[in-house]
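*Asks:* I have a structure I would like to understand better, so I am pasting it below and will then ask my questions one at a time.
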Amino acid sequence: MLNGNLKVAVQKKGRLTDKSLQLLRSCGLDIEEYSERLIVTARNYELDILFLRDDDIPEYVQDGVADIGIVGYDVVKERNAEIEVLRHLGFGKCRLMMAIPEEQDIESVENLQGKRIATSFPAIVKEYLNANKIEAKVIEISGSVEIAPSLGVADLICDLVSTGNTLKLNKLKKTFTVFESDAVLIGNKNLNLDESKWKLLASLLTRIDSVLKARNSKYLMMNVPKENLDEIKNVLPSLKSPTIVPLADESMLAVHAVIPTDTFWQINEKLKSAGASGILLLAIENMIL
Ligand code: ATP
Ligand code: MG
């Protein structure tokens, strides 16, 4: 595999696999269906994808087996490898939370004193306990942490939660958050020493940035009465000055603007009360600024 291609480590089979590949495909990379193969080469970029277990990705990137990788920030923190976090990617969001049996209550971190905590993230939990000056026993369990309290192995658990449904099934409830995670792009610290790979990475990063930006933006189109244009402009959180187009009806204008996705529902009513009609909100595939 010493072909000079940029090597990207991606989780082989798990929660991050599809979204990681989707991101790379949105960057214009032509990647074939990977099925059971361990390495796949992009058809239109000097890039190989290595499919690995997520726990191994930080070390492989640290050791240069892969140049970059996509992995949960939780795993990066837990493994504490010598790597650089290049970008937060905004998917795979979850929280590492303390959870206790439903019938119990916990008021503050101090209540953890002397307790037994089962987790797959011993390093993160120990750091959290130290930071809060708590002495507790951390029991490392690699999977199905949520059954530890009912087996009497632990008093509470610290595990990844998104909806909390798994906890409920095991008669546990979430308490406080220890760590918030999303998927990150990590890189080998010496990558910029290799000029050709650095160029491949720099160009990939530009594409990733443009995809992330586009995912967070929408293209807004609407018709507005000419006399209300200033009012409409004041409401718009647009990234650049809006585009204004005359219409056949001379009392009206079409206004187009790129806005951050999460602001639309906050301004929608204000736009309407300023007379906006025919409001369309479109997805943007790519955005090069
Ligand atoms: P592997 O076989 O590769 O070791 P795994 O079972 O350790 O996989 P997954 O459960 O697929 O890992 O989780 C991968 C990553 O997805 C986690 O490190 C975390 O960042 C994120 N994640 C985990 N649980 C959730 C969840 N409930 N909701 C959203 N994201 C999650
Ligand atoms: Mg794993």
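*Asks:* Looking for something in contact with a Gly (Cβ under 9 Å, 6 or more places away or on another chain) and modelled with pLDDT under 95 - is there at least one such residue anywhere in the stretch 174-187?
*Replies:* yes
*Asks:* Next question. Could you identify the single residue in Leu21, Leu29, Leu38 that is within 16 Å of ligand 1 (Cβ to nearest atom), without any contact (Cβ under 8 Å) to a residue 40 or more places away in the chain and open to solvent by less than 20 Å² (accessible area, probe 1.4 Å)?
*Replies:* Leu21
*Asks:* Just checking, does the stretch 93-100 include any residue being of a type in the set (Val, Ile, Thr) and open to solvent by less than 30 Å² (accessible area, probe 1.4 Å)?
*Replies:* Looking for residues that are of a type in the set (Val, Ile, Thr) and open to solvent by less than 30 Å² (accessible area, probe 1.4 Å), one finds at least one in the stretch 93-100, hence yes.
*Asks:* Quick one: is Ile259 open to solvent by 30 Å² or more (accessible area, probe 1.4 Å), touching a Leu at 6+ places or on another chain (Cβ under 7 Å) and touching a residue at least 12 places away in the same chain (Cβ under 8 Å)?
*Replies:* So Ile259 fails the test.
*Asks:* Within the group Leu253, Leu271, Leu205, Leu280, which residue is at pLDDT 95 or above, farther than 30 Å from Val71 by Cα and out of contact with any strand residue (DSSP E or B) (no Cβ under 6 Å at 6 or more places or on another chain)?
*Replies:* Of the residues listed, the single one that is at pLDDT 95 or above, farther than 30 Å from Val71 by Cα and out of contact with any strand residue (DSSP E or B) (no Cβ under 6 Å at 6 or more places or on another chain) is Leu271.
*Asks:* Within the stretch 218-241, identify whether any single residue is over 30 Å from Cys27 (Cα atoms), surrounded by fewer than 16 Cβ atoms within 10 Å (Cβ to Cβ) and in contact with a Lys or Arg (Cβ under 8 Å, 6 or more places away or on another chain), and answer yes or no.
*Replies:* Checked the stretch 218-241: no residue is over 30 Å from Cys27 (Cα atoms), surrounded by fewer than 16 Cβ atoms within 10 Å (Cβ to Cβ) and in contact with a Lys or Arg (Cβ under 8 Å, 6 or more places away or on another chain).
*Asks:* Still on this structure: Given the criteria open to solvent by less than 50 Å² (accessible area, probe 1.4 Å), over 17 Å from the mean Cα position of the chain (by Cα) and either within 12 Å of ligand 1 (Cβ to nearest atom) or outside the structural domain of Thr163 (by TED's automatic domain parsing) (or both), does Gly72 qualify?
*Replies:* No, not satisfied.
*Asks:* Suppose we keep only residues that are among the β-branched types (Val, Ile, Thr) and in a strand (DSSP E or B) within the stretch 52-77. Which one would you say is farthest from Phe121 (Cα to Cα)?
*Replies:* Ile68
*Asks:* Given (1) among the aliphatic types (A, V, I, L, M); (2) surrounded by 14 or more Cβ atoms within 10 Å (Cβ to Cβ); (3) touching a Phe, Trp or Tyr at 6+ places or on another chain (Cβ under 8 Å), identify the lone condition not met by Leu201.
*Replies:* (3)
*Asks:* Mind checking which residues of the stretch 51-92 are within 14 Å of ligand 2 (Cβ to nearest atom) and among the basic types (Lys, Arg)?
*Replies:* Of everything in the stretch 51-92, those that are within 14 Å of ligand 2 (Cβ to nearest atom) and among the basic types (Lys, Arg) turn out to be Arg53, Lys77, Arg79.
*Asks:* Check whether at least one residue in the stretch 173-193 is more than 16 Å from ligand 2 (Cβ to nearest atom), within 29 Å of Asn3 (Cα to Cα), surrounded by fewer than 19 Cβ atoms within 10 Å (Cβ to Cβ) and within 17 Å of the chain's Cα centre (by Cα), and report yes or no.
*Replies:* Looking through the stretch 173-193, none of the residues is more than 16 Å from ligand 2 (Cβ to nearest atom), within 29 Å of Asn3 (Cα to Cα), surrounded by fewer than 19 Cβ atoms within 10 Å (Cβ to Cβ) and within 17 Å of the chain's Cα centre (by Cα).
*Asks:* A follow-up question, please. How many residues are modelled with pLDDT of 95 or more and assigned to a helix (DSSP H, G or I) when one looks only at the stretch 233-250?
*Replies:* Number satisfying all stated conditions: 0.
*Asks:* Might you check whether a residue that is among the hydrophobic types (A, V, I, L, M, F, W, C) and open to solvent by less than 20 Å² (accessible area, probe 1.4 Å) occurs anywhere in the stretch 160-167?
*Replies:* yes
The values are calculated or read from the model by the stated rules, or taken from the named source; none is laboratory data. This one's a predicted model, so the numbers in the text were calculated from it and none came from an experiment. For neighbour counting, all protein chains shown are included, and Cβ atoms are generated from backbone atoms with ideal geometry for every residue, glycine included. All accessible areas refer to the heavy atoms of the entire protein, side chains included, with ligands and DNA or RNA removed. Shrake-Rupley method; radii C 1.70, N 1.55, O 1.52, S 1.80 Å.
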